[in-house]
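Trainee: Pasting in a structure now, in structure tokens, and then I'll have a few things to ask.
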Amino acid sequence: MVWSKKAMRSAKVRFNYDDYLLLPEDERYEILDGEIYLIPAPNTRHQRISRQLEMALIQHVEQFGLGEILQAPYDVVLSYENVVQPDILLVLKAGAGVITAMNLQGAPDLVIEILSPATRGKNAEIKRKIYAQFGVREYWIVDPEVDTIEVLAWSESGYTGAGLYRNPEHLSTPLLPNLDLPLSRIF
């Protein structure tokens, strides 16, 4: 079959939160700048790293009474055309008003994304810009291929590097100044 130029045209459709609510619940999705992305199920190593990070952060946050840790699948509605499901997030007590019965309405203080082959480009590039645009104070990019965590701190011009930590180094962060996290515990 030969396609004509007219037949190959497509409309630039932007999706929003109302569309998101109509998607099937048996899959995970995100909307980034009006485009829908299917989120593949994470592999076993991803899950283990996520569990270890979450346990360490919950322990730290509870010890110092800092706020609340939440994990995927959980909707973070940054805007009408930006709905994400970070692997792990932190909302400090001062910003707890963004947590609703259904989801989070606004920017968390910390977002952690664990890279996988299917999400590497999206998490490292697209979501990095979106999280900066909406004022997420810190963004951690966890790379299981090289056992690193990159800590990015928000500034008005985008994220700046606050540290690149390799296993077995200890991670510390401007957002959580008392945190001393040995990466050997995570990887």
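Trainee: When a footprinting reagent is the concern and you count Cβ atoms within 10 Å, what order do Val111, Val98, Val146 take, fewest first?
Mentor: Ordered from fewest to most neighbouring Cβ atoms within 10 Å, Val111, Val98, Val146 come out as Val146, Val98, Val111.
Trainee: What does the C-alpha gyration tensor say about the overall shape of the stretch 73-187? Classify as rounded when a/c is under 1.5, otherwise prolate if a/b is larger than b/c, or oblate.
Mentor: prolate
Trainee: May I ask for the net charge around Arg166, where only other residues with Cβ less than 11 Å from the Cβ of Arg166 are counted and Lys, Arg are +1 while Asp, Glu are -1?
Mentor: Once all neighbours under 11 Å are counted, the net charge is -4.
Trainee: How tilted is helix 44-64 with respect to the longest principal axis of the chain? Cα atoms for both, answer in degrees (0 to 90, nearest 10).
Mentor: The angle comes out near 50 degrees.
Trainee: Using Cβ counts within 10 Å as a stand-in for footprinting exposure, how do Asp19, Asp87, Asp109 rank, fewest first?
Mentor: So the residues, fewest neighbours to most, are Asp19, Asp109, Asp87.
Trainee: What order do you get for Ser172, Ser157 when you list them from fewest to most C-beta neighbours inside 10 Å?
Mentor: Ser157, Ser172
Trainee: Name the longest site-free stretch of the chain, where the excluded sites are GluC sites (Glu not before Pro) in a DSSP loop with no more than 15 other beta-carbon atoms within 10 Å.
Mentor: 28-144
Trainee: Okay, next question. Where the centroid of each part is defined by its Cα atoms, how far is the stretch 20-53 from the stretch 58-99 in Å?
Mentor: 16
Trainee: Quickly work out the Met102-to-Asp33 label distance, labels modelled 7 Å from Cα along the C-beta direction, and quote it in nm with one decimal.
Mentor: Placing both labels 7 Å beyond Cα along the Cβ direction yields 2.6 nm.
Trainee: Let me ask you something else. Under a Cβ-Cβ cut-off of 14 Å, what is the net charge of the residues other than Ser79 that fall near it, where Lys and Arg count +1 and Asp and Glu count -1?
Mentor: Computed value for this residue: -4.
Readers should treat all values here as calculations from the given coordinates under stated rules, not as data from a laboratory. Not measured: the values here are computed from a predicted model. Positions of Cβ are generated from backbone atoms using ideal geometry, with glycine treated the same way; all protein chains shown enter the neighbour counts.
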